[in-house]
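A short write-up of the structure that comes next.
The values are calculated or read from the model by the stated rules, or taken from the named source; none is laboratory data. This is a predicted model, so every value here is computed, not measured. Note that we place each Cβ from the backbone using ideal geometry, even for glycine, and neighbour counts take in every protein chain shown.
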């Protein structure tokens, strides 16, 4: 009887303990699902694009707006927008990729998802360090692994770059034909590991070029090794996220969410006069691809789409002084002054349009610069021509109607006069075409401008500019870090010399 009672008691206790177990909870999850979610979150929500759209695009003078929330136009500080990339990407993107890497590190069958997750983790942290400077890298997103990662250390940017390069090379070499394929859960290359390797090499080339002013020997070694290992060779290799049609939550292009589809007040964002004037001066065939015309965005019957009628919106103006800033007789008389300026083209603002990570055009333009530096053999001119042609032809990924006849592309390239230019002018031409090629990928436009000084931009003038009338050299950290990770935040700020728009990051030698 005693034994029976003890057995019954033991069973009852176990039953009570089992009541605390949620039978419907997921105890194990396919890491490819987390990988897919992390990929979509890179650009799949409006908040993820604030640094790109509200700051970088206007700072680099691709777009302009009289609205104050486009903070980069007049160098305002908005804590929510400036810190948005850190806030959303550490929590929503890096956390997922880090968990995938952690859970698959010792499983040869998961080598492909481990490698792809590593590449995207590096890509996202590369963007982040270029925006902010010193950042958590080694411990970022690994809070589930150990308590010591709950308050991650900010590492010097030079160390971050060295670790990113090592991680990218290791990931590139980790792909395996015998491991489980990525397949449909890969929203970039749909399981094509050869293209993932090209992506890794192309990203290595971008990183190498970024550090070329501060560590030229390392930059040359990394660039040539990646180039020789095989980077992009055509527009078929472009790394971009494929989103779904319609408002599918995270599975939609967040950049287009912000510019047009949901937030209708964002329609007062126009093509910058700087960009429009540059296209006019060079007879750029992309002009009526980038511009959707002048008129009331809500009423297509008002749209004026003749190329010669397009007018860019000057950066730095507000709704009060805009009328005074525009010479009389140059507008078409719309009662809303902003409607007299060229708007963004709706055809590249669909939910499912590409969200660029890195393009073939960028790679060829980097090769042109590398050839000028003597890093690689071959003709800088041939790489320049290939890069410009690729940038123009790639617009068909957004809409087939954006196709430009080959003879028009050839005429445009010939008009740029690269072959007869001095080396200094060749660098300028490469920088300008890189700027044009990275429209919509404006974080990259801004980073390359900070490195090269091209195109030459005139800062806007506004009495309310946060620190002064200069194009910011970085964004200000996510303010939550001041209280949530104070010791590591303060160490980074002391090392860099401040947490300001004016603070120079390691690779930014100035221009």
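Restricting segment 73-95 to residues that are crowded, with 24+ Cβ neighbours inside 10 Å and in contact (Cβ under 8 Å) with a residue 60 or more places away in the chain, the residue that is nearest to the chain's Cα centre (by Cα) is 85. Do we have any residue at all in segment 444-460 that's within 16 Å of residue 283 (Cβ to Cβ), more than 21 Å from the chain's Cα centre (by Cα) and surrounded by 14 or more Cβ atoms within 10 Å (Cβ to Cβ)? No, that holds for no residue. Criterion applied to 32, 61 was being modelled with pLDDT of 80 or more, touching a helix residue (DSSP H, G or I) at 6+ places or on another chain (Cβ under 9 Å) and at positive phi, and the one residue passing it is 61.
The set of residues in segment 130-161 that are surrounded by fewer than 16 Cβ atoms within 10 Å (Cβ to Cβ) and under 18 Å from residue 118 (Cα atoms) comprises 138, 144, 145, 159.
Let's see how each residue does on (1) within 24 Å of residue 388 (Cβ to Cβ); (2) modelled with pLDDT of 80 or more; (3) surrounded by 14 or more Cβ atoms within 10 Å (Cβ to Cβ):
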site	(1), (2), (3)
260	no, no, yes
288	yes, yes, yes
291	yes, yes, yes
329	no, no, no
332	no, no, no
345	yes, yes, yes
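The number of residues in segment 377-408 that are crowded, with 19+ Cβ neighbours inside 10 Å and over 20 Å from residue 240 (Cα atoms) comes to 4. The sole residue among 419, 509, 498 that is closer than 19 Å to residue 131 by Cβ, touching a helix residue (DSSP H, G or I) at 6+ places or on another chain (Cβ under 9 Å) and part of a loop (DSSP other than H, G, I, E, B) is 509. The set of residues in segment 470-494 that are within 30 Å of residue 318 (Cβ to Cβ) and surrounded by 14 or more Cβ atoms within 10 Å (Cβ to Cβ) comprises 471, 472, 473, 474, 475, 476, 477, 478, 479.
Determine whether segment 163-171 contains at least one residue that is under 24 Å from residue 55 (Cβ atoms) and in the same structural domain as residue 485 (by TED's automatic domain parsing). Checked against the condition, which is being under 24 Å from residue 55 (Cβ atoms) and in the same structural domain as residue 485 (by TED's automatic domain parsing), segment 163-171 yields at least one hit.
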